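So the structure is just underneath, and the comments pick up after that.
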Amino acid sequence: MSPPAVAVAGAGSIGASFALTFARGGFRVRLWDPDTAAVDRALEVIADRLGSLHRHGLLDADPGDVAGRIDSYADLGGAVAGCSLVQECTPERAEVKQSVFAELAGLTGPGTVLASSSSAMVPSDYGGGDPRVLGAHPGNPPYLLPVIELVPSPNTDRAVLDRARDLYAKAGLRPVLVRREVEGFVFNRLQGALLREAYCLLRDGVADVADIDEVVRSGLGLRWSVIGPFETADLNTRGGIAAHARLLGPAYARMGADRGQHDPWTPELVQLAERQRRALLPLEQWEDRVRWRDEQLMRRHHK
């Protein structure tokens, strides 16, 4: 059975990264950009990155064979014909994306997933109500950061969302569902919250740029490479996330108020987090999970 074909519309840095990711996942890839020079540059970048991945043991196949799965197209219609998915990677401007998706609507069949890699815009901003359109925002670069946020609009067909999830998973990505349209999705909102506080700490003379980066690199970032913020809170306090909220919630509320933000962890909100964490990790398994976390961090110290 021949591998599915996907099209990447836009050959900038994120388009090149997606083309590499899909090709490494075994897909036939059709790379298009109105600027043919951009496609040529993208193919050079892809060849270079494939070589690096191979040297680091992150690519089992021959880099040349993987690069051979990518074909360049000068015509958008030819690139998308018969494709299972079109990954739009054009500039982050509403009028550009609206124009591209309007064109894609007439060039693709009813079964084609039309996905945008927009970093902040929601699909209602550019999709024209087409039920095949959704946002698919990756970590950058997606061949190293496998998370991809799937952002349906109220018009997105559920079957399209399911097909998209399946295709991205086959490409080696880890889809997460953003349950309603919100600017910046989850990734950039979390990233933005940290960056805003980093700027405030710099402004207030609390720490300099190098030391703030060191706290993240050698502390938060190292831990977050193993577990996320909710699991961190859950494992950092005996009794789990509810105990953590009782002990530290007031301090975090004061820190938020210091920045003019009033988003308290209400009892109902903490209960929601606790229910979801306990469904993932019963308290009787808490000790084992703490030991697992420490083992994972020990492994990272050997790298």
Selection from the range 200-210 of residues that are surrounded by 12 or more Cβ atoms within 10 Å (Cβ to Cβ) and either part of a helix (DSSP H, G or I) or in contact (Cβ under 8 Å) with a residue 12 or more places away in the chain (or both): CYS200, LEU201, LEU202
Inter-residue pairs, beta-carbon under 7 Å, first within 16 Å of ALA233 (Cα to Cα) and in the range 245-270, second open to solvent by 100 Å² or more (accessible area, probe 1.4 Å), 6+ apart: ALA245/TRP265; GLY249/TRP265
Which numbered condition GLY184 misses (of (1) in a helix (DSSP H, G or I); (2) open to solvent by less than 70 Å² (accessible area, probe 1.4 Å); (3) in contact (Cβ under 8 Å) with a residue 60 or more places away in the chain): (1)
SER118 open to solvent by 30 Å² or more (accessible area, probe 1.4 Å) and either in contact with a Lys or Arg (Cβ under 6 Å, 6 or more places away or on another chain) or not basic (Lys, Arg) (or both): no
Subset of the range 157-181 [small (Gly, Ala, Ser) and either open to solvent by 80 Å² or more (accessible area, probe 1.4 Å) or in contact (Cβ under 8 Å) with a residue 40 or more places away in the chain (or both)]: ALA164, ALA171, GLY172
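Of all strands (runs of 3 or more DSSP E) completely enclosed by the range 113-181, which ones contain at least 3 residues that are within 19 Å of ALA16 (Cα to Cα)?
Details: elements: 113-116, 133-138, 147-152, 174-177.
So the answer is 113-116, 133-138, 147-152.
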Which numbered condition ARG24 misses (of (1) under 19 Å from the mean Cα position of the chain (by Cα); (2) open to solvent by less than 40 Å² (accessible area, probe 1.4 Å)): (2)
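The values are calculated or read from the model by the stated rules, or taken from the named source; none is laboratory data. Predicted, not measured: the structure shown is a model, and the values here were computed from it. A quick note on method: Cβ atoms are made from the backbone with ideal geometry, for glycine too, and the neighbour counts reach across all protein chains shown. Side chains are part of the model used for accessible areas, which takes the heavy atoms of the whole protein and leaves out ligands, DNA and RNA. Shrake-Rupley method; radii C 1.70, N 1.55, O 1.52, S 1.80 Å.
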